[in-house]
Amino acid sequence: MSVVIETKGLSREYKSYRREEGAWNAVKGFFKRQYEIKPALKPTTLTIEGGQIVGLVGANGAGKTTLLKILSGLIYPTGGEVSVLGYKPFERKSEFLRQISILLGQKAQLWWDLPAADSFNLLANIYGLDRIQAKKDWLHLAEQLDCSAQLHTQLRRLSLGERMKMEIIGSLLHRPKVLFLDEPTIGLDVLAQNTIRVFLAEYVKEHQPTIILTSHYMDDISRLADRLLLIGRGEIVYDGTVDGFVRHAEQHLKLDIQSEETDFEQVIHKFFEKESSGRTARRPLPT
Amino acid sequence: MRRNLAAARLAVLSQLEYRINFLIDAVLQPVISSAIEVTLWAAILSGMGTHQLGGYGREYYLAYALWATFVGRVTINWMYEFLMLDEIDSGRVNAILMRPISFYEFYLSQFVGYKLFTAGVGLFLPFVICLTMGLPLEISRIPWMLVSIFYYLVFVHTLSFTVACCAFFLNRAHSFTGIKNMAIWVLAGELIPLDLYPEPFRTWLIHSPFASGVYIPVGYVTGRIGHELFMQSFLSITAGTVVAGGMGVWLWRRGLRAYTGTGA
C-alpha cells in the first residue's frame, strides 16, 4: 500500500505566558511578561500507509491532539518535515483540504444556529459537490447513524450524541481519503458510542479511508484500530498492534501487570499511571 | 461563485432564525438614530435662526440626517467582526481552516449577503420618507449609490478581518472593534456632514476611504456632492482596501504560525 502520511523529526513547541500569583506579580507582568516554552511534540518520525485505522492513544497533554492538528494542517510544526497525501498540510492547499477531514469531538464544526441539513447543503457548495448526490449521501449517512429525524432541528437544540452524529456526517460528506477523528465519542452514552463505532467500522469497510483516531475510550481503539500509536509526553513510545502492546507491555514498558490483567484497557491504565508518575521506560517497544 | 452564494445564503438563514434581533438591527436602531439626528438638526437650524448652514438649506440637513443613519447601519460592521474575533479567540475558526474556502472569503460572502438583505429592508424607509416629505432626492443616482455602498463593504470587511486577526495575539481584541467603529462613525460623516469641517480637515476627510461609508453615498443621492467627487471615492476605497488588506494578510500569516488550534 502507498504511504499516505510521512513525518521526519516532526515537532511542535507551545509558548505560554507565566506569572506567579498575587497583585504585585500581576503589576510586574503588565510591564514585563515571562514566557515559557513547552515541547508538546518531540521530534517524531512516522509512516502511515493508506487504508489503515491508526489509534493514537495517550494521557491528557501527551501530544496526540497536537500531532493530529499538525497532520491535518490546523497548526504549523515548529520543526521537522511532514507530508500528507504528498502535500505539506500547513500550506492548506485547496486540493489537499478537499481530500481530508477532521472531526474534533470537543469543538462543533457545523453551524450552531442552523439545522444540520442546511449546514450539509452549505458544505456541498463549499466542496463543489453535486447537490443531488450530496443530499442522497447525507440522507443515507443519517439513516445509518439513526439520526434522520433530527436533520431539520437547529444544531444547538440537539443532544450531544445527536450533534456528534451530525458532525460525523458533515466530515464525511466529501468522502475524504484521510480522516482525522479526535475523540469522536467523548461524553457520549454507551449506546451512542457503540452506534458510532459500528458505523465507523462499516464506513471503513466500504470506503477504505485512512483514519487517525484518538480516544480516551479504549473500546474505540481496540475495536477499530489496525495499528496503535502510544504517545507519552510528546513522543511515541509504542508503535504496533493492540495485541502486541498487551503482550509486550510488562517486559518493555516495565509495567507491573498482574496475571489476570490481560485486557487492553487495564494495561493502558497501568501505562497511564506510570506515565503520570514519570517512571515509564523511554524505550520503544518492538512491533 | 457557488460557494460565495451559499455563504451569503447562510448569513440570511442564520439571521432569520432570530427575527427580533434582525428587526432591531435593520429597522429599529436606524429609525431611533434617525429620529434623534433629524430632531437635532432641526433644533440647530431653528436655534441659529437661519435656514441655511454651510450653503445648504434645512431640507438638505433633514434628508442627510435621515439617510445617514440608515446608510451608516448598512456600512458598519459590528456583528460579523465580533463573530470573526470570537471564532479565532475560541478556536472555532478550525471549522473554516479545514474547508476549501478562505476565512476572508467565507465571511465576506456572509457579510455582503446579510447587508444585501438589510439594505433592501433598511434603505426603503428613507426613500419613502424623502418622497413623502418632498426632501431632496436624486432618484436616478440611487443605483450608483448602492454600487458605492457595496464596494465600500469590501473595505469595511477588510478592516474587520485585520482587527479579527489581532485575536491570534491578544485575548480581548473586541475593544478594537468599539474604538474603530466609533472613529468610523465620525470619519464617515454620520454625525456631522464632512463639508462642515474646517480646512484642511474637510479635504482630508472627504478624500479618505471612510467618507464612502456615509458622506459620499448620502451626499450623492441627496444632491450635496457632484459626480466627479463621487467617482473619485472608488479610488479612495480601493487604496484603503489595499492598505488594510496588506496589514490583514501579514497578521493572518503570523497568526496562523502562532495558532495552537484551540483558540488564541
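The values are calculated or read from the model by the stated rules, or taken from the named source; none is laboratory data. As the structure is a prediction and not an experimental result, all values here were calculated from the model. No Cβ is skipped: glycine too gets one built from the backbone with ideal geometry, and neighbour counts run over all protein chains shown. To get the accessible areas, we keep the full protein, side chains included, count just its heavy atoms, and leave off ligands, DNA and RNA. Shrake-Rupley method; radii C 1.70, N 1.55, O 1.52, S 1.80 Å.
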(message) Once each part is reduced to its C-alpha centroid, what is the distance from the range B:109-144 to the range A:190-243 in angstrom?
(response) 57
(message) If packing is taken as the average number of other Cβ atoms within 10 Å across a peptide's residues, how do B:138-145, B:71-78 rank, most packed first?
(response) B:71-78, B:138-145
(request) List the relative contact order of chain A as a percent without decimals, with contacts defined as Cα pairs under 8 Å and 6+ residues apart. (result) 22
(request) Would you please give the residues with an amide H less than 5 Å from that of A:Leu41, counting only those at least 5 places away or on a separate chain, with H modeled from the backbone geometry? (result) A:Arg12
(request) Evaluate the distance, in nm, between pseudo-label points positioned 7 Å from the Cα of B:Trp204 and of A:Asn194 along their respective Cα→Cβ axes. (result) 7.3
(request) Measure off 7 Å from each Cα along the Cα-to-Cβ vector at B:Val186 and A:Glu91, then give the distance between these two points in nanometres to one decimal. (result) 4.7
(request) Show the residues, 5+ positions off or on another chain, whose built amide H is closer than 5 Å to the amide H of A:Val4. (result) A:Ile48, A:Glu49, A:Gly50
(request) Please give the average number of partner chain Cβ atoms lying within 10 Å of the Cβ of each residue in B:88-100, rounded to a whole number. (result) 6
(request) Per DSSP H run of at least 4 residues, take -39500 (n - 2.57); add these up for chain B, divide by its residues and hand me the 222 nm value, nearest 500 deg cm²/dmol. (result) -23000 deg cm²/dmol
(request) With the Cα gyration tensor of the range B:188-251 in hand, convert its eigenvalues to equivalent ellipsoid semi-axes via √(5λ) and list them largest first in whole Å. (result) 23, 13, 10
(request) Mind putting a number on the dipole of the range B:1-145 about its Cα centre? Charges go on the C-beta only, +1 for Lys and Arg and -1 for Asp and Glu, and I need it in Debye to the nearest 20. (result) 380
(request) Compute the signed sum of charges (Lys and Arg +1, Asp and Glu -1) over the other residues within less than 15 Å, Cβ to Cβ, of B:Arg224. (result) -2
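Cβ under 12 Å from A:Arg19's Cβ, A:Arg19 left aside: what net charge do those residues give with Lys, Arg +1 and Asp, Glu -1? Intermediate results must be reported in sequence, preceding the final value.
Numbers: positive: A:Arg18, A:Lys28, A:Lys32, A:Arg33; negative: A:Glu20, A:Glu21, A:Glu36.
Residues near A:Arg19 contribute +1 overall.
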(request) Leaving out ligands and nucleic acids, note down the accessible area per residue over chain B with a 1.4 angstrom probe, in whole Å². (result) 43
(message) Which lysines, if any, have their Cα less than 19 Å from the Cα of A:Lys270, not counting same-chain residues under 8 positions apart?
(response) A:Lys64, A:Lys254
(request) Treating the angle as unsigned and between 0 and 90°, give the value, to the nearest 10°, between the Cα long axis of helix B:2-16 and the longest Cα principal axis of chain B. (result) 70
(message) Output wanted: per-residue J couplings in Hz (rounded whole) for the range A:20-33, from phi through Karplus 6.51 cos²θ - 1.76 cosθ + 1.60, θ = phi - 60°, x for Gly and Pro.
(response) 6, 6, x, 5, 4, 5, 5, 5, 4, x, 5, 8, 9, 8
(request) Which order do the peptides B:90-97, A:32-39 take when ranked by the mean count of other beta-carbon atoms within 10 Å per residue, highest first? (result) B:90-97, A:32-39
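With the Cα gyration tensor of the range B:1-128 giving a ≥ b ≥ c as the square roots of its eigenvalues, does the rule (a/c under 1.5 for rounded; else a/b larger than b/c for prolate; else oblate) give rounded, prolate or oblate?
Taking the square roots of the gyration eigenvalues as a ≥ b ≥ c, the range B:1-128 is prolate.
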(message) Give me the summed buried accessible area for the B-A pair, 1.4 Å probe, to the nearest 100 Å².
(response) 2800
(request) Calculate for chain A the 222 nm mean residue ellipticity that helices alone would give, adding -39,500 (n - 2.57) per DSSP H run of length 4 or more and normalising by residue count, nearest 500 deg cm²/dmol. (result) -11500 deg cm²/dmol
(request) Just order B:196-204, B:36-44 by mean Cβ neighbour count inside 10 Å, highest at the front, would you? (result) B:36-44, B:196-204
(message) For peptide A:95-106, what's the mean number of Cβ atoms from other chains within 10 Å of each residue's Cβ?
(response) 2
(message) Under 8 Å for C-alpha pairs, at least 6 residues apart: give me the relative contact order for the range A:10-146, rounded to a whole percent.
(response) 19
(request) Using the Cα centre as the reference, give the magnitude of the dipole from point charges on the C-beta atoms of the protein assembly as shown (Lys, Arg: +1; Asp, Glu: -1; all else neutral), rounded to the nearest 20 debye. (result) 1100
(message) Check which residues have an amide H placed less than 5 Å from A:Ile231's amide H, if you skip close sequence neighbours.
(response) A:Val57, A:Gly58, A:Val237
(request) Return the residues of the range B:222-264 for which accessible area with all protein chains present is lower than in the chain on its own by 10 Å² or more; set the probe to 1.4 Å and exclude ligands, DNA and RNA. (result) B:Leu256, B:Arg257, B:Tyr259, B:Thr260, B:Gly261, B:Thr262
(request) Could you calculate the FRET efficiency of B:Ala43 with A:Glu206 from 1/(1 + (r/R0)^6), where r is the beta carbon distance between them and R0 is 60 Å, rounded to 0.05? (result) 0.25
(message) From Cα pairs below 8 angstrom and at least 6 apart in sequence, can you work out the relative contact order of the range B:2-262, rounded to a whole percent?
(response) 25
(request) Express as a percent, rounded to the nearest 5, the fraction of DSSP beta bridges in the protein assembly as shown (both residues included) that run antiparallel. (result) 60
(request) With a/c under 1.5 counting as rounded, go ahead and sort the range B:2-262 into rounded, prolate or oblate using the C-alpha gyration tensor (a ≥ b ≥ c being the square roots of the eigenvalues; past the cut-off, prolate if a/b is larger than b/c, else oblate). (result) prolate
(request) Return the subset of A:Lys8/A:Lys88; A:Lys69/A:Lys165; A:Lys69/A:Lys135; A:Lys8/A:Lys42 for which the Cα-Cα distance in this structure is over 18 Å, preserving the input order. (result) A:Lys69/A:Lys165; A:Lys69/A:Lys135
(message) In whole Hz and in residue order, list the ³J(HN,Hα) couplings for the range A:180-187 that follow from phi through the Karplus curve 6.51 cos²θ - 1.76 cosθ + 1.60, θ = phi - 60°; x for Gly and Pro.
(response) 9, 10, 9, 6, x, 10, 4, x
(message) With θ taken as phi - 60° and the coefficients 6.51, -1.76 and 1.60, list the Karplus ³J(HN,Hα) couplings across the range B:92-98 in order, rounded to whole Hz; mark glycine and proline as x.
(response) 5, 4, 3, 4, 8, 4, 8
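May I ask you to derive the FRET efficiency for B:Ile20 and A:Arg33 from their Cβ-Cβ distance with R0 = 41 Å, giving the value to the nearest 0.05?
0.40
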(message) Between B:Val12 and A:Lys135, how high is the FRET efficiency from 1/(1 + (r/R0)^6) when r is the Cβ-Cβ distance and R₀ = 22 Å? Nearest 0.05.
(response) 0.60
(request) Rounded, prolate or oblate: pick one for the protein assembly as shown, where a ≥ b ≥ c are the square roots of the eigenvalues of its C-alpha gyration tensor, a/c under 1.5 means rounded, and failing that, prolate if a/b is larger than b/c, else oblate. (result) prolate
(message) Given a 1.4 angstrom probe, I'd like the percentage of the accessible area of chain B that is carbon and sulfur, rounded to a whole number.
(response) 69
(message) Rounding to the nearest 10 and keeping the result within 0 to 90°, find how far the Cα-based axis of helix B:79-90 lies from the longest principal axis of chain B.
(response) 20
(request) Shielding by partners for A:65-71, please: the mean number of other protein chain Cβ atoms within 10 Å of each residue's Cβ. (result) 2
